[in-house]
Structure formats: C-alpha cells, structure tokens
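Written below as structure tokens is the structure these notes are about.
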Amino acid sequence: MSPALPAGDPAPPDGALPASAATGADGRGFGVYLHVPFCAVRCGYCDFNTYTATELGGGASLASYAGTALDEVALADRVLRTSGLPSRPVATVFVGGGTPTLLPVDDLARLLEGVRGTWGLVPGAEVTTEANPDSVTPDALARLATAGFTRVSFGMQSAVPHVLATLERTHDPARVPDVVRWARDAGLSVSLDLIYGTPGESLDDWRRSLEVALATGVDHVSAYALVVEAGTRMAVQVRRGELTLPDEDDQAAKYELADDLLTAAGLHWYEVSNWARTPADASRHNLGYWRGDDWWGIGPGAHSHVGGVRWWNVKHPRAYADRLARGLSPAAGREVVAGDTAALERVMLGVRIAEGLPLADVPAASRPAVAGLVADGLVDGAAALGADGPRRVVLTRRGRLLADTVVRTLAA
Amino acid sequence: MVDDRRPTVQKPENAELPIPSATAAERIRPAATAPELLRNFCIIAHIDHGKSTLADRMLQLTGVVDARAMRAQYLDRMDIERERGITIKSQAVRMPWGVADASGTVQPYALNMIDTPGHVDFTYEVSRSLAACEGAVLLVDAAQGIEAQTLANLYLAMENDLQVIPVLNKIDLPAAQPEKYAEELANLVGGDPEDVLKVSGKTGVGVEALLDRIVQLVPSPVGDAGAPARAMIFDSVYDTYRGVVTYVRVVDGRLDPREKIVMMSTRATHELLEIGVTSPEPVPTKGLGVGEVGYLITGVKDVRQSKVGDTVTNNAKPAAVALGGYSEPKPMVFSGLYPIDGSDYPVLRDALDKLKLNDAALNYEPETSVALGFGFRVGFLGLLHLEIVRERLEREFDLDLISTAPNVIYDVTLEDLTEIVVTNPSEYPAGKIREVREPMVKATILTPSEFVGTIMELCQGRRGELQGMDYLSEERVEMRYVLPMAEIVFDFFDHLKSKTRGYASLDYEPTGDQAADLVKVDILLQGEQVDAFSAIVHKDKAYAYGVSMTAKLKDLIPRQQFEVPIQAAIGSRIIARETIRAMRKDVLAKCYGGDISRKRKLLEKQKEGKKRMKTIGRVDVPQEAFIAALSSDGGGGKDAKDAKKK
C-alpha cells in the first residue's frame, strides 16, 4: 500500500462502475484482497497503511474490524451486480497488512467465510495470509488451515540480528524454522519474505539470510530491495545521516546473489522479486496483479481493479468505518485506465513475470526496439523469436534489474 | 528595500526654492533658449552609488516631477534596470533652475541631465553621452570610495574636456567616511578636498547646492547658430507606440518640426514627425537650437536606422562634415543561445528580432548544434550585455534557454594563408594552423592594497601582463593589466570578487589582438563529439580544462544501461578520460495491486523527462547537465546534484 493515495478522479458515493468495467469480465480471474491495518509496533521502514492499537480511537478498533470489512464485502457484491458484472467465484484470497495475525483466528475465519458466502470459491482456490513469525502458534496455524487458508507468507526479512534491529523488526530469527515447520505440519504452503539492502547489511549478511531461509525447505521466497519511502521514520534517519543507504550497485549485487542461491536451491524466478519451486508454488493471487485480472481490495487504503477501473479506499480506518456505516462506498478516488496509459500498464506489468509479455501486447511502434533490447542483453532472444511458442518479451537477469529501462523503451 | 528609496523630501511647494518664475521661465523655453542659459551635464557613478536616487531628488527639487508622480528611480524605465538598480539605457531630462546673479536677481537656467549607462560593456554609449555634455558630476558613495568603472568613465570625461564636479553621496550613512574619500577624489580630479560637495540623494541634503554648482561651473555650450544643423545622436530607443525615439544634442544650427533630416553615416533621409524635450515626459517643441538636448521621432522602426554617434543634419542645407567620434557597435563576446524546448525556436527568433529593434549592438545568426539543436550564435558587447539580453528573453518572452560558454573572436591563419574568423569554437579549423590571434583587453582593477598579491596571482594565472600600479591612497591601489579577453569573459569577475571579498572592481577596454598558442579541446561522449562543450584554450591549460570538464560531466550525466566513456581530446589525441559506470538496477522491487497506479505515473513522468533530454549517440543527457556544465559554478556541487535529480 503506497504511503500517499494517487491523484485520480472522484469516485461516486455508491461505488458504481462505468459500463466499460464489465467488458470481457468472463475471461478474467477474480481475486479478493483483505487489508488488515493493524500492527503491534510500527517498523521504521514501513510506509504501509497500518496502525498500532494506541494510534486508533473509537469506531475502528481491532475488535470491530472484521464486521466493518464484511460490510464492504456486501457493498462490493452489490456494486458488481448493479454494474452489470457476472457473478464470479473467487480464485484467490490474500489477507495482508499490517499484521493480519493480530486479528483473532476466528475473525480471519469469519472474513473468509464472508467471501465464500458472497461469491463462492473456485475449487482449489488459493487463500493466503501474511503473518509475523512472532504472532503465530502451531494451534493458530492449524485453525487457519481448518478455516480454509491454504498458504501463509511470513515476514522473515532477515536472519541477521543487526539487520532486523535496523529494520526495527522485533521477531526472533531463530523462530523462523519453527514457524515454517508448524505451518507445513498444518498443511499450509509457506512463503518467506526477505528484504535486502538494509543500511549496514553486508553481502555476507544477505547470503546468510538467504541460506537460513532456504534451509527451512520453503517452496516460495519473495526478496525485495529496501525502498526508503518519504515520510517514514527511516527516511528521517537517512536524511539526518544516521543511516546510510546502500547504492544501486550493492542492491544489484544482492539481487544477483539471491537469484544465484535461490536458483541453485531449485527455486525459479517467476516475477522480478518472486521465486517458486514449481509453477504450482507461485502466488496465484499476485500473478493476477501482473496479468491484469480483476480484484476487489477490502479495507482502508486498499486498491481495487475491475476491467480497467482502478480505485482506492480512504486511508484511515475510522473514515473507512464511517463511510460504510453510512452505506457509502469507501472509495477515495479512481481512474479509468485506457489507451496509451493502459498500454504502458500492460507493458509495465507484463514484463515483470517470467511467462513474459506477448509481443502482440507491445505497442506496434515500439516493436522494432525489441531487437535492440535483445542486443543489449536485456530481453531473451529465443523467447522474442518465438522459439517455444508465441513470441514474447521475457527479461534476462540483467533485464530484470533494468526493467524500467525496458518499459520506457517499449511503452508507446 | 524599496522603502529606502522612497523620497523623504516633499515637493517644493515652498516658494523659497529657486525655481524660475513664469516670466523667467519664458527665457528658457525649449527651442528659444540662449546657449548661455543652458547647462548640459551627466552623472558618472558606479552601479549602486546612488545616481538614480540623486537624479530623482533633482527632478523633485526643480519641480519637474511632483511627489505623487514620483516613482523611485524615475529615469530607469525597464523592470530589469529597476531590479538590478542599474541604468542600461540613457535618457535626457530638462530641468529649470534659478541662481541669483551678482545683483541678487534670480537668473533662469535650463539644465539638461543626460543619464549614462554605468557599465563597462556600454563604454561606447557612455562616450557618446559624455560628448553631449560640457560637465560631469562625479558621484561617489561616501562609504565605498571610487570604483574601477567610475574611474574609467572619469578618465573618459577628462579626455573629453568635461568640467568635473566631484560629489560624495550617501553622507547620511553611518559608515560614510566623507573626509577620507574627499581626499581621494581631490587627488584624482585635482583641487581641494574642501571643494568636494557632500550630498545625500536619500534625504536631499546638499542637492540644491549641487544644482547651483552645476550652473556656476559647467560651461555653456558653444556652437554656430547660422551653420547647417549638426546634432549628435547619443541614444536611440525603440518604443512600441512611437517607433524609434532618437535623443540628440544640437551642436550647430537648428532642427525644426516637419523638416527633412539626413543621417550622415547612411545618407538616409527622414521626416521629423516630432521634435521635443523630455521633462521628464516628452513635450513637443518648435524645434531645437544650438546646445539644446531633446528627442526626434521620424517613424522609423529599428534603432539601426538611428545609430548612436551618428550626426543628424538638415536635408535642405546639409552640413559638409559629420561630428567626430562615430563608430559601429562591435560585438566582443559570443554565445550560443538555444531553447530548451526545441519547438520554441521560432519564439526565440521572433524575440531576438524584437529586442534588436531596441539594441543596435545585438547581432545574431542561426546556428545548429548537434547537442543542442537549433539556436543562434549571438554577439554581445560584453558579459553584462549577454546577461541582460538572456534575462530579457527569458522574462519578456517566457523562454527557457541554454547559453553556451561565452567566447571571443579568433582570427585564424592557416598554413596556406587562408584567414578564418572563428566565433564558435566548434568551427575552429582542424587543418594546419600558421597563427591564431586573440583579442586583448586593457584592464583596470581597483582594490584595497591588501589584495594586491592575490590579484597578481589571479591575473598571472589568466596570462595577464602587469602594466603598472598606482596607489590612489594608502589603502587603495589601481592595477593595470593587459589580458586576453578570452580569459576574462567566463568567470574572471566572479573569481576577482570572491578572492577580494567583493572589494575589488574591474574595468576593461579592448586593445587590439595578439598571437597566442591556442588549441581546441573537444569533449567526446562515448566517442561522439559534443559540439557545445568544445573550447578554445591556451595550450598550457588544455589539460586542466579537459580534466575539469570530463569530471564535471561524469557527475552531471546520469548512469546509462551501458558504460559511457567521457574523453577530452585535442584533435585525435585524448588528454583526459572519465567513465560513467553502467547502471545496474532501476527496477522497483515491489509492484503489487496498490503500487500499480503510482508506479505507472512515475514511468509516465520519466518518459516526459526523457523527452527533455538530448541524445548524443546513445547517451541521454539531461538539459540540466548542459546548463550546469556550461555555467561557471556547476562543478559537481549543489547545482550538479540538483540537475541530476530532475
């Protein structure tokens, strides 16, 4: 969730979608994102829309949150129907935060039940929750599995104490192998989130984090370069000179190290920052973002996308609860993405994934530039020539690191 | 700031001030004033020594402007002049004044105050203004003493045999040291320190006495009333509504309304649509006689048809010989001006055409730069002229411009004796060169004596030859150097100011040319020559230039997806090299549902930014890098970093 909401057009009070949103909906997957805007403590680097208990007053408490979110599920159902969209069962559910596992398991189960009751789930639906290694127990994980969750994504970030301290993460890294084992024992698929490029992190620190993560036998890893967003406590520390950010070369070296170690351990990249053991281990929910599927984001500050319409909810949990209590859409603004903008978005998202962007989706005027990108070693030549199927733009490892250059070259 | 300049004296409604009565005023009616009753004078002063404020006070005391109509610095019309507190274009104002004769009767006089440009670039215009006068008020800030440019203009006035009246201004300032500087002025102009008048333009103290002194000391003009008219043009201003307004001083004969006149340098004839005096608004008159100063309107639209220094005569009874001292304005400094947005090129062309109407010294030719696109090579009188023109283009025509580093003109003789005039370093010939000549200047530097060593070091570093040195007083020294003009057009003045904590002042005038050992240094980006960065420098400095320019560019040009070598070369010989390492990562690690809109907007912005970049070979160079690299202070400091961010 971005720190500031984008500038867009006003959203209508009833949330109604333009007719264009319904076009082609049958061919697109439908996912639900549920945002849980609570954390026990706020980490210094975090710019997500999240609040600690003391930051929130009445009307938006942890206890009442599931009920409020379910109000939006009901509203979503109403809006989709009245806007002429077909009723589609949900293929993926993703509960993110914040720290979703701060909510009682019963609340998480209630939320999932609400989604299931409203739209139904496709058989074998992927249902993920993020979790903090600190706030789960074997019992809680087992109950999540029973409630229908299939996957858990742990915010491990690092195995190195001084790196975790700089990130202000409070969990004990020694717990990570345990929580992974508990989750797998409960029948859940597991992903670990890692962050590289934290101030003070050496290449060896990063190697150690990767090795610890891989030693758990996990089937999915996300690895993100630390981005210090304006407005975070860490940004202030950097400005004051208390922390020094690594340069882009350091980040590039760490990305390459991650790709080397993960690949050697049998995990394959399927998106710039995501690696999975088999295609079935990839996050289907996240693939929906990059493939241009539809999803409804429930919760304060959550973003949604339905048929080229993107919108985002008001950020503050109290404002969010208040809108829903009055029967209004919590959307703060929206944009209808079309024309060149849609083409740029398609390129920007499509090149991120290993399956690549069909050459047909590259604006005609830019297609000749693909040859240059192949020559520069940014785009895979065989895929671009259609060696194993339709012609596609697939990034090389160098191209993954320079994806923005590729997008700027290929966008109209 | 502005409040300081507000008049603090009231309009002289009290009849005690010596403004001539109505009857007396009749004797000084324009076109019918005996030369004995005329006094033509100018004020020589440094930029901020208070000339305009003093002039304002004179306008008020003589009743020409009342307090309500008074704008601070009435005579400086253009906004830029007002903001910079300097006068670019001169004007003349006629003021009545009365002085009691021996019998105690108040005699009326008409005083023509001719405003002069205060800066070194406009020496020729100053010389013509001085030639229109018989006297000069030498105005010096009582807290600062005389400055080099004032000294240069004082020498010019003395060469023209003007009666010099030394005056110390701003005596109301706590920091004023009138005794000290009175002595300095007395030493310079000859005479007694007691005779130096002390005034305050701000409070008005001493200004009446100064007006009296002007009447007493400045000789009245002398001319032959019966001869064919000869009037000297000392200024020429384009006015949107009235066309060119020409300011003249009549030397012989007279000019009348509706008659045909001849410009003696071009033999062009014009009809005098209007003739008059400014006081301070234009007032049409029945003509102008011997010694009078006024304006002419002929309907021409371009100041080039009414050139400063030219002689105006009657068509019916033309003079045989023009007045002396005329010369064509000659550009000394050249710079390429390019619109940052290439589509603004036609706007720039129109803007230059318009400015040219009011600036006879401005000349330009279209040129094309591989790096910067379409623009103009523009010739200027000097650096201030360049700055003023550039600022007016940006302000009045809303243009964003890149100007290349200013350079001088080189006369190049090839081995086969072909001669080439180079006004753009990138046109410097590649073949065998027999000789290169570069323009030289005679520079005068006034400085507190403690900085003499510092200045010698600076000037020696700029290939200067010390010609002489005089102590004006114990603390102040006049140093005279001959320097290559190329060495002072870029950042010499900035260095002089910073090395002397702002105390030293500089004046220079061209003094011929001289053979020199010069080479052209080219800058190559990934093997491609960037014409905008080529420079002609002395052989001994080529290496330093190459090293500093490549280092600067390395900081200014963002990393590309490939390695970019930056080289400095003389011909095919590489003399310096830096490398911009290849960019390795630009991808945003996280791009989930909530990131998409923001990320897309970022990319759209980058695409817009890329449109503003110039591509040289395959290297994208932001415009800001050109600006920073070509400016004197863009050496990888704050400017450079800002440029990189954009």
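The values are calculated or read from the model by the stated rules, or taken from the named source; none is laboratory data. Owing to the predicted nature of the structure, the values given are computational and were not obtained by experimental measurement. Quick reminder, even Gly has a Cβ in these numbers, built from the backbone with ideal geometry, and neighbours come from all protein chains shown.
Here's the yes/no breakdown for (1) modelled with pLDDT of 95 or more; (2) aromatic (Phe, Trp, Tyr); (3) more than 20 Å from A:Asp293 (Cβ to Cβ):
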{"position": "A:Met348", "(1), (2), (3)": "yes, no, no"}
{"position": "A:Ala354", "(1), (2), (3)": "yes, no, no"}
{"position": "A:Pro358", "(1), (2), (3)": "yes, no, no"}
{"position": "A:Pro368", "(1), (2), (3)": "no, no, yes"}
{"position": "A:Asp380", "(1), (2), (3)": "yes, no, yes"}
{"position": "A:Asp388", "(1), (2), (3)": "no, no, yes"}
{"position": "A:Arg392", "(1), (2), (3)": "yes, no, no"}
{"position": "A:Leu395", "(1), (2), (3)": "yes, no, yes"}
{"position": "A:Val406", "(1), (2), (3)": "yes, no, yes"}
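Let's see how each residue does on (1) within 12 Å of chain B (Cβ to nearest Cβ); (2) closer than 30 Å to A:Pro12 by Cα:
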position	(1), (2)
A:Arg323	no, yes
A:Arg334	yes, yes
A:Glu345	yes, yes
A:Pro358	no, no
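The lone criterion from (1) assigned to a loop (DSSP other than H, G, I, E, B); (2) within 9 Å of chain B (Cβ to nearest Cβ) left unmet by A:Asn286 is number (1). When the residues of region B:538-550 are narrowed to those that are among the aliphatic types (A, V, I, L, M) and in contact with a strand residue (DSSP E or B) (Cβ under 6 Å, 6 or more places away or on another chain), which ends up farthest from B:Ala628 (Cα to Cα)? Ranking the qualifying residues of region B:538-550, first place goes to B:Ala542.
Considering region B:584-620 alone, what residues qualify as being more than 8 Å from chain A (Cβ to nearest Cβ) and of a type in the set (Val, Ile, Thr)?
Step one: list which residues in region B:584-620 are more than 8 Å from chain A (Cβ to nearest Cβ), which gives B:602, B:605, B:608-609, B:611-620.
B:Thr615, B:Ile616, B:Val619, listed by residue number.
Of the residues contained in region A:388-411, one or more are found to be free of Cβ contacts under 8 Å to residues at least 40 places away in the same chain, under 25 Å from A:Gln251 (Cβ atoms) and acidic (Asp, Glu).
Listed by position, the helices (runs of 4 or more DSSP H) enclosed by region A:318-403 that each have at least 1 residues that are of a type in the set (Asp, Glu) and out of contact with any Gly (no Cβ under 7 Å at 6 or more places or on another chain) are A:339-350. Do we have A:Leu80 as touching a residue at least 12 places away in the same chain (Cβ under 8 Å), assigned to a helix (DSSP H, G or I), under 16 Å from A:Arg151 (Cα atoms) and of a type outside the set (S, T, N, Q) here? No. Of all the listed residues (B:Gly289, B:Gly324, B:Gly299), the sole one being at positive phi and not assigned by TED's automatic domain parsing to the domain that holds B:Gln60 is B:Gly299.
With respect to B:Val245, is the statement that it is under 18 Å from B:Cys133 (Cβ atoms), crowded, with 20+ Cβ neighbours inside 10 Å and of a type in the set (A, V, I, L, M) true?
Working: under 18 Å from B:Cys133 (Cβ atoms): no; crowded, with 20+ Cβ neighbours inside 10 Å: yes; of a type in the set (A, V, I, L, M): yes.
No, not satisfied.
Screening A:Thr54, A:Thr50 for residues that are at pLDDT below 90 and either within 14 Å of another protein chain (Cβ to nearest Cβ) or at positive phi (or both) leaves exactly one candidate, A:Thr50.
Take B:Val537 and decide whether it is of a type in the set (A, V, I, L, M, F, W, C) and out of contact with any helix residue (DSSP H, G or I) (no Cβ under 8 Å at 6 or more places or on another chain).
Answer is no for this residue.
Return the residues of region A:322-355 that are aliphatic (A, V, I, L, M) and over 25 Å from A:Pro18 (Cα atoms); say none if nothing qualifies. Within region A:322-355, A:Val351, A:Ile353, A:Ala354 meet the criteria. Checked against the criteria, B:Ala182 does not count as assigned to a loop (DSSP other than H, G, I, E, B) and in the same structural domain as B:Met113 (by TED's automatic domain parsing). None of B:Val99, B:Val93 is at pLDDT 85 or above, in contact with a helix residue (DSSP H, G or I) (Cβ under 7 Å, 6 or more places away or on another chain), surrounded by fewer than 23 Cβ atoms within 10 Å (Cβ to Cβ) and not acidic (Asp, Glu) except B:Val99.
The set of residues in region A:307-318 being within 14 Å of chain B (Cβ to nearest Cβ) and over 17 Å from the mean Cα position of the chain (by Cα) consists of A:Gly308, A:Val309, A:Val314, A:Lys315. Scan region B:446-460 for residues that are closer than 13 Å to B:Lys499 by Cα and in a strand (DSSP E or B) and the total you get is 2.
Here B:Arg581 fulfils each of the conditions (1) farther than 22 Å from B:Gly461 by Cβ; (2) among the charged types (D, E, K, R); (3) away from chain A (no Cβ under 14 Å) apart from (3). Total residues in region B:564-574 satisfying the condition of being surrounded by fewer than 18 Cβ atoms within 10 Å (Cβ to Cβ) and either within 14 Å of another protein chain (Cβ to nearest Cβ) or touching a strand residue (DSSP E or B) at 6+ places or on another chain (Cβ under 7 Å) (or both): the figure is 3. Between B:Ala443, B:Ala371, the distinction of being more than 20 Å from B:Pro329 (Cβ to Cβ), surrounded by 19 or more Cβ atoms within 10 Å (Cβ to Cβ), at pLDDT 90 or above and of a type in the set (A, V, I, L, M, F, W, C) belongs to B:Ala443 only. On the stretch given as region B:279-337, residues that are of a type in the set (D, E, K, R) and part of a strand (DSSP E or B) total 0. For region A:114-140, a residue qualifies if it is more than 25 Å from A:Trp295 (Cβ to Cβ), among the hydrophobic types (A, V, I, L, M, F, W, C) and in contact (Cβ under 8 Å) with a residue 40 or more places away in the chain, and exactly one does: A:Val136.
If you filter region B:145-194 down to residues that are among the polar types (S, T, N, Q) and modelled with pLDDT of 90 or more, you find that the one that is nearest to B:Tyr471 (Cα to Cα) is B:Gln177. In the set (1) β-branched (Val, Ile, Thr); (2) closer than 30 Å to A:Asn49 by Cβ; (3) more than 9 Å from chain B (Cβ to nearest Cβ), A:Val394 fails one condition alone, (2). For region A:127-151, taking the residues that are under 13 Å from the mean Cα position of the chain (by Cα) and under 18 Å from A:Val90 (Cα atoms), the one that is surrounded by the fewest Cβ atoms within 10 Å (Cβ to Cβ) is identified as A:Thr128. Of all residues in region B:256-278, those that are assigned to a strand (DSSP E or B) and either over 30 Å from the mean Cα position of the chain (by Cα) or not hydroxyl-bearing (Ser, Thr, Tyr) (or both) total 12. Could you tell me whether region B:418-433 includes any residue that is part of a strand (DSSP E or B), polar (S, T, N, Q) and without any contact (Cβ under 8 Å) to a residue 24 or more places away in the chain? No; the residues of region B:418-433 include none that is part of a strand (DSSP E or B), polar (S, T, N, Q) and without any contact (Cβ under 8 Å) to a residue 24 or more places away in the chain. Scanning region A:360-376 for residues that are within 12 Å of chain B (Cβ to nearest Cβ) and surrounded by 20 or more Cβ atoms within 10 Å (Cβ to Cβ) yields one hit, A:Leu373. Looking at region B:470-478, can you tell me whether even one residue there is at pLDDT 90 or above, crowded, with 20+ Cβ neighbours inside 10 Å, in a strand (DSSP E or B) and aliphatic (A, V, I, L, M)? Yes, because at least one residue in region B:470-478 is at pLDDT 90 or above, crowded, with 20+ Cβ neighbours inside 10 Å, in a strand (DSSP E or B) and aliphatic (A, V, I, L, M).
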